[in-house]
Amino acid sequence: MANLQSLDVAARSATTTPSPSVRQVPQVAKLIDESKCIGCKACQVACMNWNDLRDEVGQNIGVYDNPADLSPSSWTVMRFFEVEPQAGNLEWLIRKDGCMHCEDPGCLKACPSPGAIVQYGNGIVDFHQDACIGCGNCVTGCPFNIPRISKKDSKAYKCSLCSDRVSVGLEPACVKTCPTGAIGFGTKEDMVAYGNKRAAELKDRGFQNAGLYNPEGVGGTHVMYVLKHADKPELEGLPLNASISPVVSLWKGGLKPLALLGMGAAVLGGLLHYLKVGPNDADAEAKEREAS
Amino acid sequence: MSKMIQRYSERERMNHWVIAILFFMAGLSGLAFFHPSMFWLTNFFGGGPWTRILHPFLGVLMFLSFAGLMLKVWHHNKITEADKKWLTAVSEVVSGHEETLQNVGRYNGGQKVLFWIMVACMFVLLVSGIMFWQPWFADAFPIGLRRLAVLLHALSAAVLIIGVIVHVYAAIWVKGTIRAMTRGSVSEAWARKHHPAWHREMTRNG
């Protein structure tokens, strides 16, 4: 949302020089402990409230998910999953979905507009809609299917991790409102330690595969989960090996310099060829033959 | 001045320059998004969002105008044995010795290959471009497919741009070529040297 000078910038979309990053800012993270979540959706309400968002009233789709999906006006949604991790053992899993704030953000990598997506020094990945051109490349780049393009203004929207609140020392709105303490916020280091402790407690209580979801493939995330079945994150719609698609990396990594080099080489090659071989002039040659 | 031979009709020439203008507009607006160092090109099109809005329309218009000329000339671009010979002797041609290639028709092997590369690029650009055209068509395609589409779009655009650089340079290098597309005619000496088989055909009929 806001471009807050107090939060220094670690990375900026479509920018090839370093961003202002001289100050040392602690890395922050949000930790969502699904074992403590009761699916009350207070976080959704708090998000709407703080960010002044009112989604359209939709349709009941037969499950608890409401709204049914993320949207430009719904930056977080509770997703409900009825699953059988072991045969005959039905479990009701609830996951608060929203931006994961990747350490290596695919959206930022894919964005062509300078400064439309920034990653602050504290790890928060933020969209600056005033610089957004509405191309949808962030949607293509994201490994978690998070950004949504508004039909109203053709700008991309997603969770800002309440960067405006965090910049003045407050926790994100969803964290403040959660009645069970399922959502925690602090330094990344503390949240990783706490998440691992919670996972160990869950293991003691019989969830043998409990663990912290902090996918390495995107350099870790600044929104992490404590999952009861961390070996099977797909149960709740999370990728097991989350990473930026190799297609996106090829497009934004290898192809760009190669193509520019190819174009430059073609122009330079033409120039050098002209200097070496000279014009291929049939008329001048014909005239010369006539004269001789 | 030797006798002139008609090479392109008025319609073909106009069509060619419409393609050229649209190619530059679609190309420059696309390059603006291709690399941060070229984002400033969006200034020519009214800023970032306007460039994003205009680019696909410029691209579709470029495709349609290209299709017009393509339908007119594709049958001149069938690859023949003489073209294969031209292609194997390409280094001689580039160093200025094309005397041995007396069977070059209306177009040489290089021109034909470039023509088909351009046809392929235009089709890939159109189809892949529609697949991530915001806000109308992108949502109809799954994200995995859109990723592939943007990659292919950028790749075929780069190939097309390099192809056009070659096309333009060839016209600069081979004197008397540009007037084929401005005035519509070429000199007999030009035709005899660069397209001898076509020259024989034209002078026999004319």
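Using the reciprocal of the averaged 1/r over all distinct C-alpha pairs, how large is the Kirkwood radius of region A:248-291 in Å? Spell out each step's value before the answer.
Working: mean 1/r = 0.0749 Å⁻¹.
Taking the inverse mean of 1/r over all distinct Cα pairs, region A:248-291 comes out at 13.3 Å.
For region B:112-154 and region A:15-59, what is the separation of their C-alpha centers, rounded to whole Å?
Taking the Cα centre of region A:15-59 as reference, the centre of region B:112-154 is 34 Å away.
Direction-averaged shadow area of the convex hull around the Cα atoms of the protein assembly as shown, nm²? Provide the component values of the computation, followed by the final result.
Numbers: hull surface 119.9 nm².
About 30.0 nm², averaged over all directions.
So what's the angle, to the nearest 10 degrees on a 0 to 90 scale, between helix B:10-34 and the longest Cα principal axis of chain B?
Once rounded, one gets 40 degrees.
Taking the protein assembly as shown as a whole, which cysteines find no other cysteine Cβ under 4.7 angstrom from their Cβ?
Isolated Cys, the protein assembly as shown: A:Cys37, A:Cys40, A:Cys47, A:Cys102, A:Cys111, A:Cys132, A:Cys135, A:Cys142, A:Cys162, A:Cys178, B:Cys121.
So between A:Ala200 and A:Leu240, what do we pick up on full extension, going 0.36 nm a residue minus the alpha carbon distance? Please report the intermediate quantities before stating the final value.
Numbers: separation 40, 0.36 × 40 = 14.40 nm, distance 2.01 nm.
The span from A:Ala200 to A:Leu240 would gain 12.4 nm if fully extended.
Run the quick spin-label model on A:Gln208 and B:Ser37: label points 7 Å from Cα toward the beta carbon, then report their separation in nm to one decimal.
5.6
Where the centroid of each part is defined by its Cα atoms, how far is region B:168-188 from region A:121-180 in Å?
Taking the Cα centre of each part, region B:168-188 and region A:121-180 sit 55 Å apart.
Less than 15 Å from a label point 7 Å out along the Cα-to-Cβ axis of A:Lys151: which backbone N atoms in region A:68-105 qualify, by residue?
Residues passing the 15 Å test: A:68-74.
At a Förster radius of 56 Å, what calculated FRET efficiency corresponds to the Cβ-Cβ distance of A:Glu285 and A:Leu53, to the nearest 0.05?
Numbers: r = 74 Å, r/R0 = 1.32.
Computed FRET efficiency for A:Glu285 and A:Leu53 comes out at 0.15.
For A:Asn214, which sequence-distant residues (separation of 5 or more, or a different chain) have an amide H within less than 5 Å of its own amide H, given hydrogens modelled in the peptide plane?
The list, which skips near neighbours in sequence, is empty: none.
Nearest 20 debye, what's the magnitude of the dipole of the protein assembly as shown about its Cα centre given +1 on Lys and Arg Cβ and -1 on Asp and Glu Cβ?
Values: 49 positive and 42 negative charges, 279 e Å.
Computed about the Cα centre, the dipole is about 1340 debye.
Kirkwood hydrodynamic radius for region A:206-277: how many Å is it when counted over pairs of different Cα atoms?
Working: mean 1/r = 0.0625 Å⁻¹.
Value: 16.0 Å, from the Cα pair sum.
Given points 7 Å out from each Cα along the Cα-Cβ axis, report the A:Lys36 to A:Ala265 separation in nanometres with one decimal.
Reported label-point gap for A:Lys36 and A:Ala265 is 5.7 nm.
So how far, in whole Å, is the C-alpha centre of region B:1-51 from the one of region A:95-118?
33
In whole Hz, with x marking every Gly and Pro, tabulate ³J(HN,Hα) for region A:137-151 from phi via Karplus 6.51 cos²θ - 1.76 cosθ + 1.60, θ = phi - 60°.
5, 5, 4, 5, x, 6, x, 10, 6, 10, x, 10, 8, 6, 6
Tell me the relative contact order for region A:9-244 as a rounded percent, counting alpha carbon contacts under 8 Å between residues six or more apart. List each step's numbers first, then the result.
Numbers: 495 pairs, mean separation 63.4, N = 236.
Averaging sequence separation for qualifying contacts and normalising by length gives 27 percent for region A:9-244.
Any chance you could get the radius of gyration and Dmax over the Cα atoms of region B:9-205, in Å?
Computed over the Cα atoms of region B:9-205, radius of gyration and Dmax are 19.1, 58 Å.
May I ask you to list the residues of region A:267-292 whose amide nitrogen lies under 19 Å from a point 7 Å from Cα along the Cα→beta-carbon direction of B:Val94?
So the set is A:267-281.
Sequence-distant or interchain residues sharing an amide H contact under 5 Å with A:Gly121, placed H: which?
When sequence neighbours closer than 5 places are left aside, the close amide H contacts are A:Asp8, A:Val9, A:Ala10.
Multiply the residue separation of A:Leu275 and A:Phe80 by 0.36 nm, subtract the distance between their alpha-carbon atoms, and state the gained length in nm to one decimal. Don't skip to the end; give the middle numbers.
Details: separation 195, 0.36 × 195 = 70.20 nm, distance 6.95 nm.
Net length gain for the segment: 63.3 nm.
Before anything else, pin down the relative contact order of region B:68-119: Cα pairs under 8 Å, at least 6 apart, normalised by residue count, whole percent. Mind showing how you got there, number by number?
Values: 27 pairs, mean separation 25.7, N = 52.
After rounding, I find 49 percent.
Evaluate the relative contact order of region B:9-205 (contact order divided by residue number), counting alpha-carbon pairs under 8 angstrom at least 6 apart; express in whole percent. Write down the numbers at each step before the final one.
Values: 172 pairs, mean separation 42.5, N = 197.
Averaging sequence separation for qualifying contacts and normalising by length gives 22 percent for region B:9-205.
For chain A, return all DSSP H helices satisfying: extent of Cα atoms along own axis at least 15 Å; mean Kyte-Doolittle hydropathy at least -1.0. Write out the running numbers ahead of the final one.
Values: long enough: A:188-204 (24 Å, -1.18); A:256-277 (31 Å, 1.22).
Span-like helices in chain A: A:256-277.
What average number of partner chain Cβ atoms lie no more than 10 Å from the Cβ of the residues making up A:238-247? Please list the in-between numbers first.
On the way: counts 0, 0, 0, 0, 0, 0, 1, 5, 2, 8.
Per residue, the number of nearby Cβ atoms from other chains is 2 on average.
Given the DSSP H assignment, sum -39500 (n - 2.57) over each helix run of at least 4 residues in chain B and divide by its residue total; what's the result at 222 nm in deg cm²/dmol, nearest 500? Display every interim value, and only then the final one.
Working: 9 runs with 140 residues, N = 206.
Only helices count here, giving -22500 deg cm²/dmol.
Once phi is turned into θ = phi - 60°, what whole-Hz ³J(HN,Hα) does the Karplus curve with 6.51, -1.76 and 1.60 give for every residue of region A:168-177, x standing for Gly and Pro?
So the J values, rounded to whole Hz, are 10, x, 9, 7, x, 4, 5, 5, 4, 8.
Please compute, for peptide A:133-143, the average count of beta-carbon atoms on other protein chains lying within 10 Å of each residue's beta-carbon. Don't skip to the end; give the middle numbers.
Values: counts 12, 6, 12, 10, 7, 0, 7, 11, 3, 1, 1.
Mean partner shielding for this stretch: 6.
I'd like the Karplus ³J(HN,Hα) series for region A:247-252: coefficients 6.51, -1.76, 1.60, θ = phi - 60°, whole numbers in Hz, and an x wherever there's a Gly or Pro.
Couplings: 5, 5, 5, 5, 5, 8 Hz.
At what distance in nm do the modelled label points of A:Ala68 and A:Thr187 sit from each other, each positioned 7 Å from its Cα along Cα→Cβ?
Going by the 7 Å Cα→Cβ label model, 4.5 nm.
Among A:Ser154, A:Ser243, A:Ser74, which one shows the biggest mean-square fluctuation in a GNM of chain A, springs joining Cα atoms closer than 10 Å?
Ranking A:Ser154, A:Ser243, A:Ser74 by mean-square fluctuation puts A:Ser154 first.
Diagonalise the Cα gyration tensor of chain A and give the resulting equivalent ellipsoid semi-axes, square root of 5 times each eigenvalue, largest first, whole Å.
49, 21, 20
Which entries of A:Lys252/B:Lys84; A:Lys30/A:Lys203; A:Lys152/B:Lys72 show an alpha-carbon separation above 31 angstrom in the structure shown? Let's see the in-between values first.
Details: A:Lys252/B:Lys84 37 Å; A:Lys30/A:Lys203 22 Å; A:Lys152/B:Lys72 43 Å.
Long pairs (Cα-Cα over 31 Å): A:Lys252/B:Lys84; A:Lys152/B:Lys72.
Each value in this text was obtained by applying a stated rule to the coordinates, not by laboratory testing. These figures come from a predicted structure and were not determined experimentally. Using ideal geometry, Cβ is built from the backbone for each residue, glycine included, and neighbour counts are taken over all protein chains shown.
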